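Trainee: Let me begin by handing over the structure; questions about it come next.
The values are calculated or read from the model by the stated rules, or taken from the named source; none is laboratory data. Just so it is clear, the model here is predicted, and its values are computed rather than measured. All Cβ positions, glycine included, derive from the backbone under ideal geometry; neighbour counts span all protein chains shown. Ligands, DNA and RNA are excluded from the accessible area calculation, which covers all protein heavy atoms including side chains. Shrake-Rupley method; radii C 1.70, N 1.55, O 1.52, S 1.80 Å.
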Amino acid sequence: MDVTKKSVAIIGAGPSGLTACKHALAKGFRPVIFEAADAVGGVWTRTLASTRLQTPAAAFRFSDFPWPAGVEDDEFPRHDQVAAYMAAYVRRFGVLDCVRFGSRVLAAEFAGASEQEVAAWDRWSGNGEAFGDGTGEWHLTVKHGESEETQKYKFDFLILCVGRYGVAKHPKFPDEAGPEVFRGQMLHSMDYSRMPHADADELIRGKRVVVVGSGKSALDIVAQCAEANGSEYPCTMVYRNPNWAVDPNLTWGAFFEKLMTSRLAELMVHKPGEVLALSLLAKILSPIRLLIAKATETYYKTLMPMRKHGMVPGHGFSAAMLGWRISVLPDKFYDMVVDGGIVLKRCDSFGFCADGVVMDGTGERVDADVVILATGFDADQHLSRVFVSPWFRDIIVAGPSDTMLPLYRHCVHPRIPQMAVVGYAESAASIYPYEMMAKWVAHLLDGAVRLPSVAAMEKSVAEWERWGKWAKRRSGAFFLKSCIASVTTWYHDQLCRDMGYNPRRKEGEGLLADWLQPYGSTDYAGI
């Protein structure tokens, strides 16, 4: 069977969808990307005007496509530079011709075998191959543009590249304290970020704005409001527990990132499915990791006015490292706090009143014209809601689990045939893990990756789940689901072995280089 004649659909033209398409093209396939927006790049095409990368350019790049001249390795590129980089990538590798813009996939349904038959298979897709026996297919219902009409398409393989940021998460409020009593305007940070920049500026200019949350989106929105209005209309940030937000201009940050993305650093942390010797070694070396984290924590507390302004997190830096709850502080953030453009209010919970919000516990009121909820996203719902099958919807997110998505190699569900997910797992710089996933899936499509039995795949999924539970306990529950930041190289080693490549990507540079130098996307070029 000539597998390259099989049809492949990709949902989403963000970074993960683009690299999934590029590597499928390299294997001889001709994928179709369905993208609801009118441009490639995902969230980078619809974000705040002030948004920058959380990591330096050198850590956020595709393995075979460098940043253009003028973008330095240690620079944190702006959102428009990231979007331009993505657009250049699709032009360079012929991906643009595969994208169907303005195409929203409303439903995906597997046909060819019943759920009972699929559940009884002891090999993924029936025979362990990407396209099964050739009789199964995915039926997609797609809405194009503004038309209410839909079209049906059939594909032999489906790749979901929908990301984690498409469904807003809203807090729950008691009766008579919810947004319905508020006379101003309330919206989620997702909706605010997607507004045209001129409209977003108009919404906040000359307004009393309250931003709820302490993550990266909250910090960026607060800083943008303060820059627009200054102390005349200060922006109030309401938060329960601040996350670790660090100043990128402090020199230790770059050194710390390089130190903690080496193989040596991963010896200091437990890993999924590790042998007893590695487990013992991680236990012996973990105090060194904790010491490094404590030194980093002390460094930031000393050089940043976190204590003065009540922005010291309730969890340590070591916990933040495991769950990668670390963000980059907007430029001159604390200067704007001192100047009165930003007001910080810490409380356990809040409710709405007619003229603003009320801090629970103290009863303090904060007047507001606009309230922006930077309260996160429901990544599981965003992923699962595309399935017609209730069973598929349930098992893809594994019910109540909040540590790991039940995907073998973070790409394939053992019980959902002829489908892969690229781009759900999180890391410090997610773009090159996404690319590694895309390479692995492309090798799966052309038969170079051979999957084990369903039972063996589920055993591997369970190992990652146990590790996720351990990481969540150690991170004080500040663990981002399916976060692989502290074991990224370990994970990539697994993918390399599956694809038939040597996981030791720096051997030509010497043993010390392989252990001490940080791993990044360019180490995996050529796969």
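Trainee: With θ taken as phi - 60° and the coefficients 6.51, -1.76 and 1.60, list the Karplus ³J(HN,Hα) couplings across segment 262-267 in order, rounded to whole Hz; mark glycine and proline as x.
Mentor: For segment 262-267, the Karplus-derived couplings read 9, 4, 4, 4, 6, 5 Hz, x marking Gly and Pro.
Trainee: Classify segment 155-229: rounded, prolate or oblate, from the alpha-carbon gyration tensor (a ≥ b ≥ c, eigenvalue square roots; a/c under 1.5 rounded; otherwise prolate if a/b is larger than b/c)?
Mentor: oblate
Trainee: Where the accessible area of segment 464-527 is counted over protein heavy atoms with a 1.4 Å probe, how much of it, in %, is carbon and sulfur?
Mentor: 53 percent
Trainee: Here's another thing I want to ask about it. THR51 accessible area, nearest 10 Å², 1.4 Å probe?
Mentor: 20 Å²
Trainee: Further question on the same structure: Please list, in chain and number order, the residues 5+ apart from PHE352 or on another chain whose amide H is under 5 Å from its amide H, with Hs placed from the backbone.
Mentor: For PHE352, whose amide H was placed from the backbone, the distant partners under 5 Å are GLY178, VAL358.
Trainee: Tell me the carbon and sulfur percent of the accessible area for segment 1-62, rounded to whole percent, probe radius 1.4 Å.
Mentor: Of all accessible area on segment 1-62, carbon and sulfur atoms account for 52 percent.
Trainee: Show me the GluC sites (Glu not before Pro) within segment 123-194 that DSSP assigns to loop and that have at most 11 other Cβ atoms within 10 Å of their Cβ.
Mentor: Answer by residue number: GLU146, GLU148, GLU149, GLU176.
Trainee: Okay, next question. Within the set LYS5/LYS271; LYS6/LYS506; LYS143/LYS472; LYS216/LYS472, which residue pairs have Cα atoms separated by over 31 Å?
Mentor: LYS5/LYS271; LYS6/LYS506; LYS143/LYS472
Trainee: Can you give me the C-alpha center-to-center distance between segment 65-108 and segment 376-419, rounded to a whole angstrom?
Mentor: 26 Å
Trainee: Oh, and also: For segment 478-523, what is Rg from Cα atoms divided by 2.2 N^0.38 Å, rounded to two decimals?
Mentor: 1.29
Trainee: If you average the sequence gap of Cα pairs under 8 Å that are 6 or more apart and divide by the length of segment 63-143, what percent do you get for the contact order?
Mentor: Relative contact order of segment 63-143: 31 percent.
Trainee: Put +1 on the Cβ of each Lys and Arg and -1 on the Cβ of each Asp and Glu in segment 274-313; which of GLY310, LEU276, THR296 then has its Cα farthest toward the positive end of the dipole?
Mentor: It is GLY310, whose Cα lies furthest towards the positive end.
Trainee: Tell me which aspartates and glutamates have Cα within less than 14 Å of LYS301's Cα, excluding those fewer than 8 residues away on the same chain?
Mentor: ASP247
Trainee: Just to confirm my understanding: which cysteines in the chain have no other cysteine beta carbon less than 4.7 Å from their beta carbon?
Mentor: CYS21, CYS98, CYS161, CYS347, CYS353, CYS411, CYS483, CYS496
Trainee: Follow-up. Given contacts defined as C-alpha pairs under 8 Å and at least six residues apart, what's the relative contact order of the chain, whole-number percent?
Mentor: Relative CO of the chain lands at 22 percent.
Trainee: Per-residue accessible area for MET404 at 1.4 Å probe radius, Å² rounded to 10?
Mentor: Solvent-accessible area, nearest 10 Å²: 0 Å².
Trainee: Work out from phi, with θ = phi - 60° and the Karplus expression 6.51 cos²θ - 1.76 cosθ + 1.60, the ³J(HN,Hα) of each residue of segment 161-172, listed in order in whole Hz, and give x for Gly and Pro.
Mentor: Per residue, the Karplus-derived 3J(HN,Hα) values read 10, 8, x, 10, 10, x, 10, 6, 9, 10, x, 9 Hz.
Trainee: I'd like to check one number: the per residue accessible area of the chain, probe 1.4 Å, reported in Å² as a whole number.
Mentor: 42 Å²
Trainee: Quick check: convex hull of the Cα atoms in the chain, volume per residue, rounded to a whole Å³?
Mentor: 157 Å³
Trainee: Name the residues whose placed amide hydrogens come within less than 5 Å of the amide hydrogen of PHE377, ignoring near sequence neighbours (fewer than 5 apart) on the same chain.
Mentor: LYS169
Trainee: Could you work out what % of the accessible surface of segment 355-454 is carbon and sulfur, using a 1.4 angstrom probe and leaving DNA, RNA and ligands out of the count?
Mentor: Solvent-exposed carbon and sulfur of segment 355-454 make up 48 percent of the total.
Trainee: Label THR362 and ASP335 with points 7 Å out from Cα along Cα→Cβ: what is the distance between them in nm?
Mentor: 2.7 nm
Trainee: Here is a further query. Could you go through segment 269-276 in sequence order and give the Karplus-derived ³J(HN,Hα) for each residue, using 6.51 cos²θ - 1.76 cosθ + 1.60 with θ = phi - 60°, rounded to whole Hz, and x for Gly and Pro?
Mentor: 10, 5, 10, x, x, 5, 6, 4
Trainee: Could you give the distance between the Cα centres of segment 158-228 and segment 327-360, to the whole Å?
Mentor: Here the two parts' Cα centres lie 13 Å apart.
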